[in-house]
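*Asks:* Quick one: the structure is below, and I'll ask about it shortly.
The values are calculated or read from the model by the stated rules, or taken from the named source; none is laboratory data. Being a predicted model, the structure only gives us computed values, none of them experimental. Here the Cβ is made from the backbone with ideal geometry for all residues, glycine too, and neighbour counts use every protein chain on show.
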Amino acid sequence: MNIVIMGPPGAGKGTQASVIAGKIDAKHLSSGDLLREAVASGSDLGKSVKKVMDSGALVSDDLMIDLIMDVVMKLVADSKGFLLDGFPRTLVQAEALNEKFADAGVQIDKVINLDVKSETIVQRLSGRRVCTKCKSVYHVDSLPPKVKGICDNDGEELIIRSDDQEAVIRQRLKIYDDSTFPILDFYSKSQEVFQVSGELQMDEVTGKILEALS
Ligand code: AMP
């Protein structure tokens, strides 16, 4: 099954996509993770996108489309389902994806939107801590590690993502409203967009998404 999971930054797309991918045997594809891997590897691509990501702005459509389409089309060639998280983020990206899929005879089976209020997002993201190594995600209030600042899984240091500073979060939310939210309208012209509240407990959200997929 090919799924696009939408929602503002901090809605829980990444967490949900990785849980759901395990349950339905699809590949979780996070555009943000692909970019962070490029930054961590020190590649030219990584160097060119780091500043943009740190500021909370969007990486250019051309670069993003090239990067993600490569991976998506390999999955398509292997007849492997996928869950897209963080892509598309602009109408240009959504249109490019549709065009590629039309050429390849592939379709997006389900579009899920996680709906979360802005204030919940600011509270969630500013308390988020991420393991530098295994990428496990914690929250200082709702999901603290056993030892402050240390990952339970591998003992590595937990960090605050540079784009999780409050001013940057507000900037990312504005960009979401301006550039990403309109994609929901775009998709709803051709298919149902399943609305799921991202304000619920994590496992309740997973349950609602699975219901929408069934
Ligand atoms: P995320 O982990 O999905 O919140 O993405 C982190 C950052 O990566 C975003 O704030 C953007 O700078 C960049 N990014 C991720 N996905 C995209 C995309 N589809 N288009 C443009 N920039 C992106």
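*Asks:* Sort out which residues of region 88-129 are surrounded by fewer than 17 Cβ atoms within 10 Å (Cβ to Cβ) and within 11 Å of the ligand (Cβ to nearest atom), and write them in order of number.
*Replies:* Val92, the sole residue that qualifies.
*Asks:* Does region 51-77 hold any residues that are farther than 30 Å from Ile209 by Cα and within 7 Å of the ligand (Cβ to nearest atom), and which are they?
*Replies:* Selection gives Val52 alone.
*Asks:* Next question, about the same structure. Among the residues of region 170-196, write down those that are surrounded by 12 or more Cβ atoms within 10 Å (Cβ to Cβ) and away from the ligand (no atom under 16 Å from the Cβ).
*Replies:* Residues satisfying the conditions are Ser188, Gln191, Val193, Phe194, Gln195, Val196.
*Asks:* Just one of Val140, Val147 is β-branched (Val, Ile, Thr) and surrounded by 15 or more Cβ atoms within 10 Å (Cβ to Cβ); which is it? Quick ask: steps written out before the conclusion?
*Replies:* Numbers: Val147 fails: surrounded by 15 or more Cβ atoms within 10 Å (Cβ to Cβ).
Only one candidate passes the filter, namely Val140.
*Asks:* Arg172 passes all but one of (1) in a helix (DSSP H, G or I); (2) without any contact (Cβ under 8 Å) to a residue 24 or more places away in the chain; which number fails?
*Replies:* The number of the failed condition is (2).
*Asks:* Take residues that are farther than 30 Å from Gly155 by Cβ and tell me which of the strands (runs of 3 or more DSSP E) falling wholly in region 69-145 contain 3 or more. So that I can check it myself, show each step before the final result.
*Replies:* On the way: elements: 82-85, 110-115, 128-131, 137-139.
Where strands (runs of 3 or more DSSP E) fall fully within region 69-145 and carry at least 3 residues being farther than 30 Å from Gly155 by Cβ, they are 110-115.
*Asks:* Can you name the number of the only condition in (1) within 16 Å of Gly7 (Cβ to Cβ); (2) touching a helix residue (DSSP H, G or I) at 6+ places or on another chain (Cβ under 9 Å) that Glu166 fails?
*Replies:* Against the list (1) within 16 Å of Gly7 (Cβ to Cβ); (2) touching a helix residue (DSSP H, G or I) at 6+ places or on another chain (Cβ under 9 Å), Glu166 comes up short only on (1).
*Asks:* For Gly81, state whether it is in contact with a helix residue (DSSP H, G or I) (Cβ under 9 Å, 6 or more places away or on another chain) and at positive phi. Can you show your working first?
*Replies:* Working: in contact with a helix residue (DSSP H, G or I) (Cβ under 9 Å, 6 or more places away or on another chain): yes; at positive phi: no.
Considered against the rule, which asks whether it is in contact with a helix residue (DSSP H, G or I) (Cβ under 9 Å, 6 or more places away or on another chain) and at positive phi, Gly81 comes out as no.
*Asks:* Going by the conditions given, is Asp164 touching a residue at least 24 places away in the same chain (Cβ under 8 Å) and in contact with an Asp or Glu (Cβ under 9 Å, 6 or more places away or on another chain)?
*Replies:* Details: touching a residue at least 24 places away in the same chain (Cβ under 8 Å): yes; in contact with an Asp or Glu (Cβ under 9 Å, 6 or more places away or on another chain): no.
Taking the combined requirement at face value, the residue does not satisfy it.
*Asks:* A follow-up question, please. Determine which member of the set Lys51, Lys13 is surrounded by fewer than 18 Cβ atoms within 10 Å (Cβ to Cβ) and among the basic types (Lys, Arg). Walk me through it before giving the result.
*Replies:* Working: Lys13 fails: surrounded by fewer than 18 Cβ atoms within 10 Å (Cβ to Cβ).
Of the residues listed, the single one that is surrounded by fewer than 18 Cβ atoms within 10 Å (Cβ to Cβ) and among the basic types (Lys, Arg) is Lys51.
*Asks:* Checking the conditions here, which among Asp152, Asp85 is acidic (Asp, Glu), within 16 Å of the ligand (Cβ to nearest atom) and surrounded by 14 or more Cβ atoms within 10 Å (Cβ to Cβ)?
*Replies:* Values: Asp152 fails: within 16 Å of the ligand (Cβ to nearest atom).
Only one candidate qualifies: Asp85.
*Asks:* Filter region 157-169 down to the residues that are in a loop (DSSP other than H, G, I, E, B) and surrounded by 15 or more Cβ atoms within 10 Å (Cβ to Cβ), then identify the one that is nearest to the chain's Cα centre (by Cα).
*Replies:* So the first thing to find is which residues in region 157-169 are in a loop (DSSP other than H, G, I, E, B), and the list is 160-161, 165.
Among the residues that remain, those that are also surrounded by 15 or more Cβ atoms within 10 Å (Cβ to Cβ) are: 161, 165.
Details: Arg161: 14, Gln165: 18 Å.
Going through the qualifying residues, I end up with Arg161.
*Asks:* While we're on this one: Collect the residues in region 1-50 that are among the β-branched types (Val, Ile, Thr), within 12 Å of the ligand (Cβ to nearest atom) and farther than 17 Å from Asn113 by Cβ, keeping them in residue-number order. It would help to see each step written out before you state the result.
*Replies:* Keep residues of region 1-50 that are among the β-branched types (Val, Ile, Thr), which gives 3-5, 15, 19-20, 24, 39, 49.
With the extra rule that they be within 12 Å of the ligand (Cβ to nearest atom), the set shrinks to 4-5, 15, 39, 49.
Residues satisfying the conditions are Val39, Val49.
*Asks:* Output the residue which, of all residues in region 29-48 that are over 17 Å from Met69 (Cβ atoms) and not small (Gly, Ala, Ser), is surrounded by the fewest Cβ atoms within 10 Å (Cβ to Cβ). Full working, then the answer.
*Replies:* In the first step, residues of region 29-48 are kept if they are over 17 Å from Met69 (Cβ atoms); the result is 36, 39-44, 46-48.
Right, trim to not small (Gly, Ala, Ser) and you get 36, 39, 44, 47.
Details: Arg36: 18, Val39: 16, Asp44: 9, Lys47: 12.
Among those that are over 17 Å from Met69 (Cβ atoms) and not small (Gly, Ala, Ser), it is Asp44.
*Asks:* For the condition aliphatic (A, V, I, L, M) and without any contact (Cβ under 8 Å) to a residue 40 or more places away in the chain, what is the one hit in Ala102, Ala17, Ala21?
*Replies:* Details: Ala17 fails: without any contact (Cβ under 8 Å) to a residue 40 or more places away in the chain; Ala21 fails: without any contact (Cβ under 8 Å) to a residue 40 or more places away in the chain.
Step by step, each of Ala102, Ala17, Ala21 is checked, and only Ala102 is aliphatic (A, V, I, L, M) and without any contact (Cβ under 8 Å) to a residue 40 or more places away in the chain.
*Asks:* Taking the conditions exactly as written (touching a strand residue (DSSP E or B) at 6+ places or on another chain (Cβ under 6 Å), at pLDDT below 95 and closer than 24 Å to Thr206 by Cβ), does Leu75 satisfy them or not? Spell out how you get there, then give the answer.
*Replies:* On the way: touching a strand residue (DSSP E or B) at 6+ places or on another chain (Cβ under 6 Å): yes; at pLDDT below 95: yes; closer than 24 Å to Thr206 by Cβ: yes.
Here the answer is yes, as Leu75 does meet what is asked.
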